[in-house]
Amino acid sequence: MTFRGAVVTVGGAAAPIIQNLRQAQPAFVLFVVSERSKTLVTEEILPALDYVPQYNCVLTHDVGDLADCYEKVREKIPGWLQERGLQSHEVYVDITGGTKPMSAALGMAGAEWFNQFSYVSGRERDRDGLGVVVSGTEQVLRTVNPWDKLAVREREKASWLFNDGYADQAAELLRHAAQKCSEALRTRLDTLASLVELFASADKFHFGGLYHRYRRIRQVLDVALPSQRALFHQIEAVAQHWHALAKESESKGKTVSSTLRELLANAERRARQGRYDDAVARLYRAAELFVQHELFEAFAAPLGRLDLNHVPAEARDAFRNEFGQPPYDLGLRKGFRALTYSAFPVHHQAASGYEAIAPHLQKRNDSILAHGLRPADRTDFEDFWGALLPIVQVHDGELPRWPRLEF
């Protein structure tokens, strides 16, 4: 592999560094030095090379202080890359020289930026094999950044994103991470990305085909998430919920219990992200969906579209006087009111719930995403949430919450 740059720690021995630089011949070198080792750069290392690199130095003032060494190295790397016009993949890190804290600091800082690491070992060491490498026996060992190979940062970030409700972004990050991993880990991350994409689709209310897509990857999930029986039960429960959602979306309002719970869970995710206007809008739709289902039960009215002939005969004149001439396409407030004309007392009871949520509906209407200019806030959401759940007859524990995933 050809490298244009190198970041190298410099200690008491110049020979290993010279060997590595001669082999790789990077055009740009960033030396990490101490007060004692900085003279090695100009007096021993550079004169011994068979080419002339352009170089910079990072001076660590306390070679025994890991935090200080890390801070100095980490501060220098971004500016050095920009100054020299280098990309991270064009640079290798050599942690051979310097004190142990210097090398550890470069390893930590380098892991944030670079993929290729090297260490100069040797076929022979003094002090019965426990000391420094005997000059002339050096051999350069190269390896990849284990954080990069295992996609540690990407997996951690994807976990955070998913568990905070950002499934789309988590899936994209997992796909990106899979591209640079070993085959076994790549297969695992691709499978997990496929799973997360199902949650992303549900989060955007695209329920069609979700369950069938899940069944296609169900078997390989055993490999991607080994020995996590409780987690599988949670995922399977959500998949069954997706199955019910798809059926309900085809029923045109005849059944809505799963969809209602999904709306509430979606609202909760938006609120957790601080997106209270979106969250309140979903609560409003949940209230509307509830009353639409009650209207279907009472008058066979699909999604609020009511036929006057389905109103009890003795109540039709009064109904027409209140709502005008047909056709009737009832919104939320009128929908609740229309339930008072049902022949069944249970719908009269449902109609009485409107008064409890009316103040919160007005706050939603005042929201900038509805008809007003004010943003909704956390209190608006929590108050609406607390008032709505008893009305729509949903308990908090019934919501289809996402399982917590660690990738």
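The values are calculated or read from the model by the stated rules, or taken from the named source; none is laboratory data. Because the structure is predicted, anything quoted here is derived from the model rather than measured. Note that we place each Cβ from the backbone using ideal geometry, even for glycine, and neighbour counts take in every protein chain shown. Accessible surface is based on the protein model in full, side chains and every heavy atom, while ligands, DNA and RNA are left aside. Shrake-Rupley method; radii C 1.70, N 1.55, O 1.52, S 1.80 Å.
Please verify whether ARG364 is open to solvent by 30 Å² or more (accessible area, probe 1.4 Å), more than 30 Å from GLN240 (Cβ to Cβ) and in contact with a helix residue (DSSP H, G or I) (Cβ under 7 Å, 6 or more places away or on another chain), treating the condition exactly as stated.
Here the answer is yes, as ARG364 does meet what is asked.
With (1) outside any helix (DSSP H, G or I); (2) modelled with pLDDT of 95 or more as the list, and PRO326 as the residue in question, which single condition is left unmet?
All conditions pass for PRO326, except number (2).
Read through the list (1) under 16 Å from LEU388 (Cβ atoms); (2) without any contact (Cβ under 8 Å) to a residue 12 or more places away in the chain, then give the number of the only condition that SER251 fails.
(1)
If you scan the range 231-254, which residues turn out to be charged (D, E, K, R) and either closer than 10 Å to PHE207 by Cα or not in a loop (DSSP other than H, G, I, E, B) (or both)?
GLU236, LYS247, GLU248
Output yes when any residue across the range 303-319 is part of a helix (DSSP H, G or I), surrounded by 19 or more Cβ atoms within 10 Å (Cβ to Cβ) and not hydrophobic (A, V, I, L, M, F, W, C), and no when none is.
yes
Checking the conditions here, which among ALA286, ALA298, ALA313 is farther than 17 Å from LYS254 by Cβ, among the small types (Gly, Ala, Ser) and in contact (Cβ under 8 Å) with a residue 24 or more places away in the chain?
ALA286
Give all pairs with beta carbons closer than 7 Å in which a residue from the range 234-247 that is closer than 18 Å to ARG216 by Cβ and free of Cβ contacts under 8 Å to residues at least 40 places away in the same chain meets a residue that is outside any helix (DSSP H, G or I) and open to solvent by 10 Å² or more (accessible area, probe 1.4 Å); count only pairs at least 6 apart in sequence or on separate chains.
So the pair list comes out as ALA246/PHE207; ALA246/GLY208.
Could you list, ordered by first residue, the pairs with Cβ atoms under 7 Å in which the first is in the range 191-219 and touching a residue at least 12 places away in the same chain (Cβ under 8 Å) and the second is assigned to a helix (DSSP H, G or I) and open to solvent by 60 Å² or more (accessible area, probe 1.4 Å), at least 6 apart or interchain?
Qualifying pairs under 7 Å: THR191/VAL220; ALA193/ARG175; LEU198/ARG213; ALA200/ASP168; PHE207/SER249; GLY208/SER249.
All but one of (1) of a type in the set (Gly, Ala, Ser); (2) under 21 Å from the mean Cα position of the chain (by Cα); (3) surrounded by 23 or more Cβ atoms within 10 Å (Cβ to Cβ) hold for GLY274, so report the exception by its number.
(3)
Pick from the range 1-53 the residues that are over 43 Å from the mean Cα position of the chain (by Cα) and of a type in the set (S, T, N, Q): which of them is farthest from LYS76 (Cα to Cα)?
My answer is GLN19.
Look at the range 392-403 and say how many of its residues are farther than 15 Å from ARG282 by Cβ and open to solvent by 30 Å² or more (accessible area, probe 1.4 Å).
So the count comes out to 6.
Condition test on ALA281, is it hydrophobic (A, V, I, L, M, F, W, C), in contact with a strand residue (DSSP E or B) (Cβ under 9 Å, 6 or more places away or on another chain) and under 30 Å from ALA298 (Cα atoms)?
Taking the combined requirement at face value, the residue satisfies it.
Scanning the range 122-135 for residues that are closer than 19 Å to ILE17 by Cα and open to solvent by 20 Å² or more (accessible area, probe 1.4 Å), which turns out modelled with the highest pLDDT?
Restricting attention to the range 122-135, the residues satisfying the condition of being closer than 19 Å to ILE17 by Cα are 122-126, 131-135.
With open to solvent by 20 Å² or more (accessible area, probe 1.4 Å) added as a condition, the list becomes 123-126, 132-135.
Numbers: ARG123: 54, GLU124: 53, ARG125: 48, ASP126: 50, VAL132: 54, VAL133: 53, VAL134: 54, SER135: 58.
Result: SER135.
Among the residues of the range 329-359, how many are small (Gly, Ala, Ser) and in a helix (DSSP H, G or I)?
Qualifying residue count for the region: 6.
For residues in the range 199-245 being of a type in the set (Ser, Thr, Tyr) and open to solvent by less than 70 Å² (accessible area, probe 1.4 Å), which is nearest to ASN266 (Cα to Cα)?
Per the criteria, the residue is SER201.
Restricting to the range 82-92, give me the number of residues that are over 28 Å from the mean Cα position of the chain (by Cα) and under 12 Å from GLY110 (Cα atoms).
2
Can you spot a residue in the range 372-388 that is open to solvent by less than 20 Å² (accessible area, probe 1.4 Å), touching a residue at least 40 places away in the same chain (Cβ under 8 Å), of a type outside the set (Val, Ile, Thr) and not in a helix (DSSP H, G or I)?
Scanning the range 372-388, I find at least one residue that is open to solvent by less than 20 Å² (accessible area, probe 1.4 Å), touching a residue at least 40 places away in the same chain (Cβ under 8 Å), of a type outside the set (Val, Ile, Thr) and not in a helix (DSSP H, G or I), so the answer is yes.
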